[in-house]
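This report concerns only the one structure given below.
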Amino acid sequence: MLLGAPSQPMPRERSEALAQLASSTAEILEAHLPQMFAIGVMQEPAQVLVVCIDPSADQEHVLTAIGQGLSKILPPDFHLDVWPVLPGSDMLADVRGVGCMIAQNSRKRPWWKLW
């Protein structure tokens, strides 16, 4: 898999809307928009929304919410892959290295939780 900063990034308004979507989803710890090319999986390089999901969250629920949000942001003929990753994964470390973070949510516990 090849990762890098996009040579032709999507329009700023669209990436800002994606950042807002990720920021408004509490279970998403961080989101990135790198350009990616997975040999044998993708036909050509494309920007991908990489979301780091809280391991205690229901991943299917989070991805469904993201899908619903994307349908309001993206034009009908536009496709954007969403790649979920967990904190600590090697892929997340590689994605962070590209420098295309668009959102980061705090993982602070409520003051009343002791564990």
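The values are calculated or read from the model by the stated rules, or taken from the named source; none is laboratory data. Small disclaimer: the values here were computed from a predicted structure and weren't measured. Cβ atoms come from the backbone with ideal geometry, glycine included; neighbour counts cover every protein chain shown.
Brief remarks on what is shown
- The set of residues in the range 72-101 being of a type in the set (D, E, K, R) and touching a residue at least 24 places away in the same chain (Cβ under 8 Å) consists of Asp81, Asp94, Arg96.
- As a summary of the residue check, Gln47 satisfies the conditions (1) in contact with a Pro (Cβ under 6 Å, 6 or more places away or on another chain); (2) closer than 15 Å to Met91 by Cβ except for the one numbered (2).
Condition check ((1) at pLDDT below 95; (2) under 21 Å from Gln35 (Cα atoms); (3) surrounded by 14 or more Cβ atoms within 10 Å (Cβ to Cβ); (4) in contact with a strand residue (DSSP E or B) (Cβ under 9 Å, 6 or more places away or on another chain)) across all residues:
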| residue | (1), (2), (3), (4) |
| --- | --- |
| Ser71 | yes, yes, no, no |
| Phe78 | yes, yes, no, no |
| Asp81 | yes, yes, no, yes |
| Leu86 | yes, yes, no, yes |
| Met91 | yes, yes, yes, yes |
| Met101 | no, yes, yes, yes |
| Asn105 | yes, no, yes, yes |
| Lys108 | yes, no, no, no |
| Leu114 | yes, no, no, no |
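- Any chance Leu63 is in contact with a helix residue (DSSP H, G or I) (Cβ under 7 Å, 6 or more places away or on another chain), of a type in the set (A, V, I, L, M) and in a helix (DSSP H, G or I): no
- For the range 18-60, filtering for residues that are within 24 Å of Val98 (Cα to Cα), acidic (Asp, Glu) and outside any strand (DSSP E or B) leaves 3.
- Looking across the range 6-46 at every residue that is more than 11 Å from the chain's Cα centre (by Cα) and of a type in the set (D, E, K, R), the one that is farthest from Asn105 (Cα to Cα) is identified as Glu44.
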